[in-house]
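Okay, structure first, notes after.
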């Protein structure tokens, strides 16, 4: 999908009787917890065989209920790149048996730079991985130390090159708004990023409202952190630099070279079906939304006891579906159709009033028969979207 156009039919979507889906598999293990992490993870690496056996069992159960052909597969975490070769191969064997992949399917593996070697990159490609999302975060040594990352800037660069040489698409994560890191460090990070030129870049602002070590530091020493205006300036400056280098800012946090958008992530924003396996994994199809339990012991108890590890499952009402279309659609550069905006405005007058303000301040723009947010509008989007709920 390029230039904000609507995606065409998925290859193989006419598979007999079943619509193609994405599948997210959560691998919760990390060697250590990073200072910014609020995800469901575990450092109890001795549990890897037991947890991965449970994940395989859950995937088998999902497949027995009617395995759909997969347009995308995403192994997230945690740190899937930590998995021993035999565990990863065992997982792919079950996935291949229960969920046939469509020709050209996107298969993403999240990796830490210090786990990447030339041999591992080749092995991942041989298993069917097509894309690796690398948790670089910054190419500043001081920034990496602040974040509690285990790799160096040189390791991050080497990892990207090794993955590219193995023929894999690469996505690089960058984090902005870090304490004590200003324009010079951002400029150096972007210089190295553009020298490596991965196909995809995800840019995030540090969230200090989450339960992690840096958030606690921000409460004690707010003077160490850039204020909202300075963090916003970093985001806009990074965006301008990436766009000038040929990347398209296609989603609030994501930039891609032509035809290199993250197809699995687009499924969430376009509300295409995504199945889910693993602790804390979330899935959706049609109006149905569900999530697995987010405590590892409860997940293991459920799966090993032959039960689905669901924490909850519910069906959206028609008004909720309209609001969700707007909330997710405004994350994308393609925006939301005027008809959907009108339906949502009729449901939520406070949203309609907020959108009028955004339009008048050039935080949102009408473009043909759609409405979309500008980069500055994305920065303030929570102020608008919170009105939906």
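Rule-based calculations on the coordinates, nothing more; no lab input. Predicted model, so just to flag it, every value in this text is computed and none were measured. Cβ placement follows ideal geometry from the backbone for every residue including glycine, while neighbour counts extend to all protein chains displayed.
Secondary structure note: in the chain, about 40% of the DSSP beta bridges are antiparallel.
Scattering from the range 172-312 was approximated by placing one identical point on each alpha carbon and applying the Debye formula without solvent; log10 I(q)/I(0) at 0.09, 0.17 1/Å stands at -0.42, -1.02. Packing, as the average of other Cβ atoms within 10 Å across residues, places the peptides 68-78, 236-246 in the order 68-78, 236-246, highest first.
The Rg/Rh ratio for the range 235-389, using Cα coordinates for both the radius of gyration and the Kirkwood hydrodynamic radius, is 1.04. Its Cα gyration tensor gives the chain an equivalent ellipsoid. The semi-axes, each the square root of 5 times an eigenvalue, are 31, 28, 21 Å from largest down. Given R0 = 51 Å, the distance between the Cβ atoms of residue 217 and residue 85 translates into a calculated FRET efficiency of 0.85.
Computed over the range 317-389, the percent of Cα pairs more than 16 Å apart is 38.
Here is how the number arises for the chain: DSSP H runs of 4 or more residues each give -39500 (n - 2.57), the sum is divided by the residue count, and the result at 222 nm is -12500 deg cm²/dmol. How big, in percent, is the set of alpha carbon pairs in the range 237-318 lying more than 15 Å apart? Above the 15 Å cut-off, the range 237-318 has 66 percent of its Cα pairs. Computed from the Cα positions only, the extents of the range 57-138 along the three principal axes stand at 41, 24, 22 Å, in decreasing order.
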